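Colleague: First the structure, which I've put down as structure tokens, then a few questions once you've had a look.
Just so you know, all these numbers are worked out from the coordinates, no wet-lab data involved. Every value quoted in this text rests on a predicted model; they were computed, and no experiment measured them. Here Cβ is always computed from backbone atoms with ideal geometry, including for glycine, and neighbour counts include all displayed protein chains.
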Amino acid sequence: MTTKKPYIKPIIRRLEARMPSKFGGGNAIKTLTHIDGVSTESLLEKFGSPLFVLSEKIIRRNYREAHRAFSTRLPRVQFSWSYKSNYLDAVCRIFHQEGSWAEVVSGFEYQKALLNGVPGDKIIFNGPDKTRDDLILATRNQSLIHIDHFDELYLLQEVAKETHLRPQVAIRVNMDTGIYPMWDRFGFNYENGQAWDAINRIVKGGQMDLVGLHCHIGTFIMTADAYEVAATKLASLALETWKQLGVSIAYLDLGGGFASKNTLKGAYLPGNETNPDFDDYAEAITRVLMKSSFPENRIPLIILETGRALIDNAGYLLGTVIANKRSSTGKKNLIVDFGVNILFTAFWYNHPLLPLKTHHSLMEECTVYGPLCMNIDVIRDSVVLPALNPGDHLAALYVGAYNMTQWMQFITMRPAVVLITEKGEPVVIRKAETDKVIREQELIPDHLLSFTL
């Protein structure tokens, strides 16, 4: 008598071509069982779900790789950690230990950098919203103030007169590098002469020291050639400043915007196969300086405000499956306990999703939703995953940048963040929110203290 096999419903299964080995092509299901030797299941059990996890080992490795790419091509290079990418103090201090300065875009971030122990003259102050008090403090600390618009320039002139100090300044320059759309909202335009006008006003005003030129051509730039154009135009402006005004520019700040290995929505191929690496960006930027007409003793320092490319792949978001559903068309829907309120970059990227342990080899295309009562709460529009049941665990990868600065307390509270140290020890670097944290900011007027239903 033969035993009846259990019924498994038929599905259309996507075949994935892989390099064959002696065992054949295979369709192995990838899992995320450990991060730096620490069990992912044990992390959720100890710290709760959902949970952000950062790898100190990967952060330091990324920084050293980026620094090697530039410093082996050009002797004078300085990284300045972009606080807006991830301004958790523990994260910032890792980069500062590695030798990175601080790049901030608000008074709040500026204070964070000071409290982290960054010397004032190692803080670059960017952004269009610097208050008078911000500018006074930055001037007194000899910070590098990057002027964004003429109104800020005029305000800095008043600050210089008021403090009897000379602000150390650069101007932000926007330009056409072939990237669309052009980021001309910030800074002074190169092509129409606005940047040269700003330089003249600073130098001839005699109240400030023009020490640098800065550009930030965009975000997630997937062609290194654009940085060659930007470096060429900044170098040309610096040389003209020396020739016509006798002012030597100490540094050229090429900003940030390097792409991480994430995959943008709509991309045909995965980002880790197509996006430029640090060597690509370094070669494009440094070859401009190496063939420029700067005298040998006047080649400017190159500053880089790299953010996401240094930390994206060091971040993980671990969570739990809540339920399975079927849409009106029959497509499988998976609901998990983390939403776009804490994974903001799900609007931009197709984050890789991996189960934390091996499951049945049956794979099916599905849409992954978060727990929010909002139709936009979509983690992945379409992804092939094994059959997962309520209580099973899932990880989103490459989440280290911008999620811990752009997240919001909406419907659910923000989770804890854990750092896996180089010694393999998981430590909490930001506590999970509680209702007490939320409510202690609220005040109730006397006439609303009581009611009857």
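Colleague: When DSSP assigns beta bridges and you keep just the ones with both residues in segment 170-257, what percent turn out antiparallel, to the nearest 5?
Modeller: 0 percent
Colleague: If Lys and Arg each add +1 and Asp and Glu each add -1, what is the summed charge of the other residues whose beta carbon sits under 13 Å from the beta carbon of L32?
Modeller: Counting the neighbours of L32, the net charge comes to -1.
Colleague: Which of the aspartates and glutamates could a cross-linker bridge to K84, judged by Cα under 12 Å and excluding same-chain residues fewer than eight apart?
Modeller: Cα-Cα hits under 12 Å: E103, E109, E305.
Colleague: To the nearest 20 debye, what is the magnitude of the charge dipole of the chain about its Cα centre, counting +1 on the Cβ of each Lys and Arg and -1 on the Cβ of each Asp and Glu?
Modeller: Charge dipole of the chain: 1520 debye, to the nearest 20.
Colleague: Distance between the C-alpha centers of segment 141-219 and segment 340-356? Whole Å please.
Modeller: Comparing the Cα centres of segment 141-219 and segment 340-356, I get a distance of 36 Å.
Colleague: For K243, give me every one of the lysines with a C-alpha distance below 29 angstrom, ignoring sequence neighbours fewer than eight places off in its own chain.
Modeller: K122, K161, K204, K233, K291
Colleague: Starting with the highest mean, order 143-152, 123-132 by the number of other Cβ atoms within 10 Å, averaged over the residues of each peptide.
Modeller: In decreasing order of mean packing, 143-152, 123-132 become 143-152, 123-132.
Colleague: For segment 316-453, please report how many Lys pairs fall under 29 Å Cα to Cα, leaving out neighbours fewer than 8 apart on the same chain.
Modeller: 6
Colleague: Okay, next question. Quick one, what does Rg over Rh come out to for the chain if you take C-alpha atoms and the Kirkwood Rh?
Modeller: Rg/Rh for the chain comes to 1.04.
Colleague: Specify the angular offset, from 0 to 90 degrees and rounded to the nearest 10, of the alpha carbon long axis of helix 194-205 from the longest principal axis of the alpha carbons in the chain.
Modeller: 50 degrees
Colleague: Starting with the highest mean, order 278-284, 427-433 by the number of other Cβ atoms within 10 Å, averaged over the residues of each peptide.
Modeller: Per-residue mean Cβ counts within 10 Å order the peptides as 278-284, 427-433.
Colleague: Based solely on its DSSP helices, what 222 nm [θ] is calculated for the chain when runs of n ≥ 4 H residues each add -39,500 (n - 2.57) and the sum is averaged over all residues, nearest 500 deg cm²/dmol?
Modeller: Mean residue ellipticity, 222 nm, calculated: -8000 deg cm²/dmol.
Colleague: Whole-Hz Karplus ³J(HN,Hα) for segment 82-97, in order, using 6.51 cos²θ - 1.76 cosθ + 1.60 and θ = phi - 60°, x for Gly and Pro?
Modeller: Coupling constants for segment 82-97: 6, 4, 5, 5, 6, 9, 4, 4, 4, 5, 4, 5, 4, 5, 5, 4 Hz.
Colleague: While we're on this one: Summing +1 for each Lys or Arg and -1 for each Asp or Glu, what net charge is found among the other residues whose Cβ lies under 14 Å from the Cβ of I303?
Modeller: Local net charge: -1.
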